[in-house]
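Before any comments, here is the structure.
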Amino acid sequence: PERMYTPLTRGEYDSIAAYTTYQPETESQTLSFTMAQAELFQLAGGAAGFAATAELGRQSYSLNPDPLALEYYYTSWKDSDGEGSRNRWALAGELRMPLLDTLNLSLAGRYDQYRFAGRDPGKFTWSTGVEWRPLESLLMRGSYGTAFRAPDLHYVFAGPGNDETSVADYYRCATEEPDESIDDCSYSDEGIIRSREGNRDLSPETSTSWTVGAVWSPTSWLDFTLDWYDIDMRDQVEDLRVSTVMLNELDCRTGALPADSAVCVDTLARITRMPDGSLYGVYVNPINVARESTDGLDFSANLRWETGIGTWGLIGSYTWVHSHEIQVYPDEPVVDMFAVNSGYDIPRNKASLLLS
């Protein structure tokens, strides 16, 4: 006890401690050409405007970690290195057309192509929007669009690394202690080595979205906005969770999912067990989520007033999420991310108030 409460000397501390220093570098270059014509042709509501853009770009990064962090110097923790680059080019155009004095229509299109990891994914995306002002104080609006996004570089080029974590061994709990709840099971908190590496086979993320709403300005110092949004995202990139792997193993080994399904073949290859059946490690990496979708309501109020010491503003905003669902694998059921025990913890309501 006396030794336990005796502080270490500086020399003793230095003998068991080390500083790890990273020197990361990132670069981004973009060359763009833009052409704009504000009066391309005349319509009933005025002149149509057009703009076009051509872009060339390159991005690269290198983590340059401390070499000691890439080996088992810091106990069983080993970080991952990462280095890579990508090139891209894009062509885009947008046309805004005042069809009537109270009606505007916009159309836009864009093509992007990336080159990285021996691949060259590309995609054409487009969007359209309409604005209608039936009253001077009221604007009705709507939009629809598609989107395309290449995966972040470190999701692609991250090197192998690992750390320690814990996870419930759902399979052993179900088969060896079936009468116990997962919290009371002897295998509910198994220590494991979690291994992670980038994924060079990641696909780009894509999405479609639409909105409909209105802006009401009853006076020059007050306006309100109300919009409904709906977003459907495909192939979204996120790290596979260890708990998800273990839950999938339970379903695969007990027959809830077919053993030859894509999710089962992938899951069982990720888990390492000792000869006695105990967990040793789980391998995870970034994956393309099959699908994620959300919809909800955005509301805001903007109040402005002049005083002797300046212009004041009070902005309030509120978002209510109607639904948020995710499907990690194509042959898995859709998960309601608001459901109890869904494994997700996201807010349904968000609000903010800003005084300036």
* Asked: At a probe radius of 1.4 Å, what is the per-residue accessible area of Ile346, in Å² to the nearest 10?
  -> 50
* Any idea what angle helix 242-254 forms with the longest principal axis of the chain, computed on alpha-carbon atoms, 0 to 90 degrees, nearest 10? -> 70
* **Surface accessible to a 1.4 Å probe, Ser352 within the full protein complex, Å²** => 70
* Whole-number accessible area per residue in Å² for the stretch 243-353, which is evaluated in the context of all protein chains at 1.4 Å -> 55
* **Of Ala18, Ala92, Ala174, the one that fluctuates the most in a GNM where the chain has Cα springs shorter than 10 Å** => Ala18
* Rounded Å value of the spacing that divides the Cα centres of the stretch 260-284 and the stretch 317-351 -> 27
* To do: Report the net charge of residues surrounding Arg133, where surrounding means a beta-carbon distance below 14 angstrom and charges are Lys +1, Arg +1, Asp -1, Glu -1.
  => -3
* Excluding Cys264 itself, what net charge comes from residues whose Cβ is under 12 Å from its Cβ, given Lys and Arg +1 and Asp and Glu -1? -> -4
* Pick the calculated percent of Cα pairs over 29 Å apart for this structure from (i) 62; (ii) 45; (iii) 39? -> (i)
* Ignoring ligands, DNA and RNA, what percent of the accessible area of the stretch 49-115 is carbon or sulfur (1.4 Å)? -> 57
* Per residue, what accessible area does the stretch 123-213 have, given a 1.4 Å probe and all protein chains present, in Å²? -> 54
* To do: Compute the signed sum of charges (Lys and Arg +1, Asp and Glu -1) over the other residues within less than 10 Å, Cβ to Cβ, of Thr208.
  => -1
* Asked: For the stretch 1-43, what % of the accessible area comes from carbon and sulfur atoms, probe 1.4 Å?
  -> 57
* Structure fact -> Among Asn199, Asn285, Asn64, the residue with the largest mean-square fluctuation in a Gaussian network model of the chain built from Cα contacts under 10 Å is Asn64
* Using alpha-carbon positions, what is the distance between the centroids of the stretch 38-90 and the stretch 145-224, in Å? -> 22
* What part of the accessible area of the stretch 168-299, given as a whole %, is carbon or sulfur when the probe is 1.4 angstrom? -> 51
* Asked: Does the stretch 129-205 come out rounded, prolate or oblate, given a ≥ b ≥ c as the square roots of the eigenvalues of its C-alpha gyration tensor, rounded meaning a/c under 1.5 and, failing that, prolate meaning a/b above b/c?
  -> oblate
* To do: Would you rank Asp295, Asp251, Asp14, Asp189 by solvent-accessible area, highest first, keeping every protein chain in place and using a 1.4 Å probe?
  => Asp189, Asp14, Asp251, Asp295
* Pick from Ser106, Ser166, Ser220: which residue has the top mean-square fluctuation in a GNM of the chain where Cα pairs under 10 Å get a spring? -> Ser220
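The values are calculated or read from the model by the stated rules, or taken from the named source; none is laboratory data. Keep in mind that what you see is a predicted model, and the values were worked out from it rather than measured. A quick note on method: Cβ atoms are made from the backbone with ideal geometry, for glycine too, and the neighbour counts reach across all protein chains shown. The area values use the complete protein model at the heavy-atom level, side chains included, leaving out ligands, DNA and RNA. Shrake-Rupley method; radii C 1.70, N 1.55, O 1.52, S 1.80 Å.
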